[in-house]
Amino acid sequence: MSVIILGIESSCDDTSAAVIKDGVMLSNVIASQKVHEAYGGVVPELASRAHQQNIVPVVSEAIRQAGITKEDIDGIAFTRGPGLLGSLLVGTSFAKGLSLALNIPLLDVNHLHGHVLSHFIKEDETTEVPEFPYLCLLVSGGNSQIIKVNSPSDMEVLGQTIDDAAGEAFDKCAKVMGLPYPGGPYIDRLAAEGDATRFKFSKPHIAGLDYSFSGLKTSFLYTLRDEKKVNPNFVEENMADLAASLQKTIIDILMDKFAKAIKQTGIKTVAIGGGVSANSGVRNAVAEYCERRGIKAFIPKRSFTTDNAAMIAIAGYFKYLEKDFCDINLPPFARVTV
């Protein structure tokens, strides 16, 4: 018998709803919020208000595009956390209300699990998915982790950032350069035109498989500060080279630990996920490293790297199969690791 899951994602500033049937995506609707660009970052209060405006039309459109009715839905998966609490409350409350109205199970999903399991979203029956166990490099604005994925419900964090995340390093360094928010995509585009060996920035020396990006940010800031004393137009005149050198440094940091994890575990299947996995340099570095060593690499479509409800729906689908349902009284949470 087929299983149809409605997924709802509202952890930050994107309101999204998706429908998955037996693991195959039928729809994935996303409403983005442009209001935050003027502030150089997401404003939590504005985000939660926009979610309240978007949640009903987005869910309605996802059901319409899927060609089903709400009565066809077997379970509702929603992002319970981590994320902005006000944003999460909108999605959580809506999911709970619809669950009660339709008398169907709730499936609470860890947002990070959704990113890790996004590789199992099938656009048709021919979509190739990873075999367990696999290693996932999860890189986003709030997280940088190396995760051993033994099954959809069994994930082990082998390494994680001890301070800032890779995405945060991209965005904050971009802000210092005077680039718009979010800065990561601008850095990516500029890097394609620059010399990645022009500037050298600090790399951390952290034991084990953990990451650190705070030293890199400080090094980047001091470089710009010192150079601008000599040449006030330094940033404008060296924008592409700065972006390329910054991107190369972040990728070198990420790949150094990821390569160690691959060697230590001996696992021959790897994947990347999270917003920073949309970065061209990160995607190319992982693909080239794996190709040289005969390792199977799963690089997600860019549409599945950002926050989206399809990844929440697929994570909920696995929970539904295990009958791992959510109590309606469980509240959302703002912070947690895998």
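The values are calculated or read from the model by the stated rules, or taken from the named source; none is laboratory data. This one's a predicted model, so the numbers in the text were calculated from it and none came from an experiment. Because the Cβ atoms are built from the backbone with ideal geometry, glycine has one as well, and the counts that use them run over all protein chains shown. The protein model used for the area step is the full one, side chains on, heavy atoms only, and it has no ligands, DNA or RNA in it. Shrake-Rupley method; radii C 1.70, N 1.55, O 1.52, S 1.80 Å.
Kindly provide the set of residues from region 160-180 that are of a type in the set (Asp, Glu) and either open to solvent by less than 30 Å² (accessible area, probe 1.4 Å) or at positive phi (or both), ordered by number.
Residue satisfying the conditions is Asp164 alone.
Could you tell me whether Ala192 is farther than 21 Å from Leu137 by Cβ, small (Gly, Ala, Ser) and open to solvent by 30 Å² or more (accessible area, probe 1.4 Å)?
Here the answer is yes, as Ala192 does meet what is asked.
What is the one condition in (1) closer than 17 Å to Pro82 by Cα; (2) hydrophobic (A, V, I, L, M, F, W, C); (3) open to solvent by 10 Å² or more (accessible area, probe 1.4 Å); (4) part of a helix (DSSP H, G or I) that Met155 does not satisfy?
Going through (1) closer than 17 Å to Pro82 by Cα; (2) hydrophobic (A, V, I, L, M, F, W, C); (3) open to solvent by 10 Å² or more (accessible area, probe 1.4 Å); (4) part of a helix (DSSP H, G or I) one by one, Met155 breaks only (4).
So, in region 270-312, exactly how many residues are within 27 Å of Ile5 (Cα to Cα) and more than 15 Å from the chain's Cα centre (by Cα)?
1
Condition (residue is assigned to a loop (DSSP other than H, G, I, E, B), in contact with a Gly (Cβ under 9 Å, 6 or more places away or on another chain) and either closer than 18 Å to Ser93 by Cβ or at pLDDT 95 or above (or both)) applied to region 317-330: is it met by at least one residue?
Yes, there is a match, as at least one residue in region 317-330 is assigned to a loop (DSSP other than H, G, I, E, B), in contact with a Gly (Cβ under 9 Å, 6 or more places away or on another chain) and either closer than 18 Å to Ser93 by Cβ or at pLDDT 95 or above (or both).
Might you let me know whether region 84-95 holds any residue that is closer than 28 Å to Glu128 by Cα, over 20 Å from the mean Cα position of the chain (by Cα) and either hydrophobic (A, V, I, L, M, F, W, C) or at pLDDT below 95 (or both)?
no
Considering only region 185-230, how many residues are of a type in the set (Ser, Thr, Tyr), assigned to a helix (DSSP H, G or I) and modelled with pLDDT of 95 or more?
Residues that pass the stated criteria total 5.
Residues of region 40-65 being of a type in the set (D, E, K, R) and at pLDDT 85 or above, which ones?
Arg49, Glu61, Arg64
Determine, yes or no, whether Lys70 is at negative phi, open to solvent by 50 Å² or more (accessible area, probe 1.4 Å) and not aromatic (Phe, Trp, Tyr).
yes
Would you confirm, using the coordinates I've provided, whether Asp226 is closer than 19 Å to Ala285 by Cβ and open to solvent by 20 Å² or more (accessible area, probe 1.4 Å)?
So Asp226 does not fit the description; no.
Can you tell me which residue in region 116-147 is surrounded by the most Cβ atoms within 10 Å (Cβ to Cβ), limited to those that are acidic (Asp, Glu) and under 23 Å from Ala309 (Cβ atoms)?
Once the filter is applied, the top-ranked residue is Glu123.
Please list, ordered by residue number, the helices (runs of 4 or more DSSP H) wholly in region 234-312 having 3 or more residues that are open to solvent by 10 Å² or more (accessible area, probe 1.4 Å), more than 30 Å from Ile76 (Cα to Cα) and of a type in the set (Asp, Glu).
Answer list for region 234-312: 239-265.
Can you confirm whether region 56-72 contains a residue that is of a type outside the set (Asp, Glu) and touching an Asp or Glu at 6+ places or on another chain (Cβ under 8 Å)?
No, region 56-72 contains no residue that is of a type outside the set (Asp, Glu) and touching an Asp or Glu at 6+ places or on another chain (Cβ under 8 Å).
Would you please list the contacts, defined by Cβ atoms under 6 Å and residues six or more apart or on different chains, that run from a residue in region 1-25 that is open to solvent by less than 10 Å² (accessible area, probe 1.4 Å) to a residue that is of a type in the set (Lys, Arg)?
Cβ pairs passing all conditions: Gly23/Lys122.
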